[in-house]
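Reading through the structure tokens given below for one structure.
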Amino acid sequence: MTTDLPTAAGRGTVRRLAGILHRRPRLRLALLLTAPLLWLAVLYLGSLAVLFVSAFWTTDSFTSQVVKVWSTDNFHALFTTPVFRQVILRSVGVALAVTVLCAVIAFPVAFYTARVARPKWRPLLVVAILTPLWASYLVKVYAWRLILSEGGLADWMLAPFGLSGPGYGLPATVLTLTYLWLPYMILPVHTALEQLPANLLDASADLGARPGRTFRSVVLPLVLPSVAAGSVFTFSLSLGDYITVQIVGGKTQLIGNLVYSNIELNLPMAAALGTVPVAVIVLYLLAIRRTGALNSL
């Protein structure tokens, strides 16, 4: 008798709580989102705030110790030092080049997997596209280092045409990053093409539109938001990468390399450099928001 009372009381409390949550969907949603939003605010946004604040500190030139004195010298150096300006522009250019290459390569691949291939093969093709993501990042980058090395696979394949591989440098960095992030562009484009109504294509053909006109007027406007959504990943991942350029970039430097090299010697300058990719990505997101790309993520 006494052992059943707590059990019955506990069940009644659970039922009352379930009834309250059922009648108040906003409260239920708030409870579900509290933990992840708190995690986001404290760890992610909090770390960004600390990064931004520490960028205004300075470093003692003799001891290399951080001096917590408010100063804008680090940001002034970013925009007045030619080396920093060149590296920032080069990093943004690399990210844009990788994004454009991924879009150019991803569209025909996604079109084949979504519209041309037989339905029974499409899931297998999607799995094949995802397979490179299962391999280690370093394994893939070092594999490209072997491919692009002197006398490597690239030289061997281009030798019959009297050409040689790009070697190590900026082109090798762009090529490797394109390979790394290409699946992130193919998947959203594949999804958009797969959901493209076939009657629109038939109607365009019935009205006498050629394939090129159908692509420009029907397919591209509907797929463009997905391309922009994929570009968010390719652009941001390329802009923040620093390992690939160290392995296949030769003497090329990007923002990530400068951040890494300044962490021990000048932490506030490294923080100031680290704010540049964040600011660029925020501006990039604001620029593509009107395309509906954020709704396609």
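The values are calculated or read from the model by the stated rules, or taken from the named source; none is laboratory data. None of these values were measured; they are calculated from a predicted model. All Cβ positions, glycine included, derive from the backbone under ideal geometry; neighbour counts span all protein chains shown. Note: accessible area is taken over every heavy atom of the protein model, side chains too, but ligands, DNA and RNA are not part of it. Shrake-Rupley method; radii C 1.70, N 1.55, O 1.52, S 1.80 Å.
Numerical summary
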{"quantity": "Counted residues, segment 151-165 - those being closer than 20 Å to THR252 by Cβ and open to solvent by 70 Å² or more (accessible area, probe 1.4 Å)", "calculated": "1"}
{"quantity": "Where GLY230 falls short, out of the listed (1) under 16 Å from PHE107 (Cα atoms); (2) surrounded by fewer than 20 Cβ atoms within 10 Å (Cβ to Cβ)", "calculated": "(2)"}
{"quantity": "Residue in segment 252-278 that is most open to solvent (accessible area, probe 1.4 Å), counting only those that are closer than 19 Å to LEU48 by Cβ and in contact with a strand residue (DSSP E or B) (Cβ under 8 Å, 6 or more places away or on another chain)", "calculated": "LEU267"}
{"quantity": "Odd one out for ALA97 among (1) under 30 Å from SER261 (Cβ atoms); (2) modelled with pLDDT under 90; (3) not charged (D, E, K, R)", "calculated": "(2)"}
{"quantity": "Members of segment 171-196 that are open to solvent by 60 Å² or more (accessible area, probe 1.4 Å) and in a loop (DSSP other than H, G, I, E, B)", "calculated": "GLN195"}
{"quantity": "Subset tally (residues that are closer than 26 Å to ARG90 by Cα and open to solvent by 30 Å² or more (accessible area, probe 1.4 Å)) for segment 136-150", "calculated": "10"}
{"quantity": "Residue that is surrounded by the fewest Cβ atoms within 10 Å (Cβ to Cβ) [pool: residues in segment 102-125 that are touching a residue at least 60 places away in the same chain (Cβ under 8 Å) and under 19 Å from the mean Cα position of the chain (by Cα)]", "calculated": "ILE105"}
{"quantity": "Residue check, LEU133 closer than 24 Å to VAL227 by Cβ, open to solvent by 70 Å² or more (accessible area, probe 1.4 Å), at pLDDT 85 or above and assigned to a helix (DSSP H, G or I)", "calculated": "no"}
{"quantity": "First in segment 214-226 and touching a residue at least 12 places away in the same chain (Cβ under 8 Å) and farther than 15 Å from ALA106 by Cα, second anywhere and open to solvent by 20 Å² or more (accessible area, probe 1.4 Å) and in a helix (DSSP H, G or I), Cβ under 6 Å, 6 or more apart", "calculated": "VAL218/LEU200"}
{"quantity": "Top-ranked residue in segment 194-213 [being in contact (Cβ under 8 Å) with a residue 12 or more places away in the chain and not aliphatic (A, V, I, L, M); ranked as nearest to VAL87 (Cα to Cα)]", "calculated": "GLU194"}
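Yes/no per residue for (1) at pLDDT 80 or above; (2) farther than 19 Å from ALA279 by Cβ:
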site: TYR44; (1), (2): no, no
site: ASP60; (1), (2): no, yes
site: VAL66; (1), (2): no, yes
site: ASP73; (1), (2): yes, no
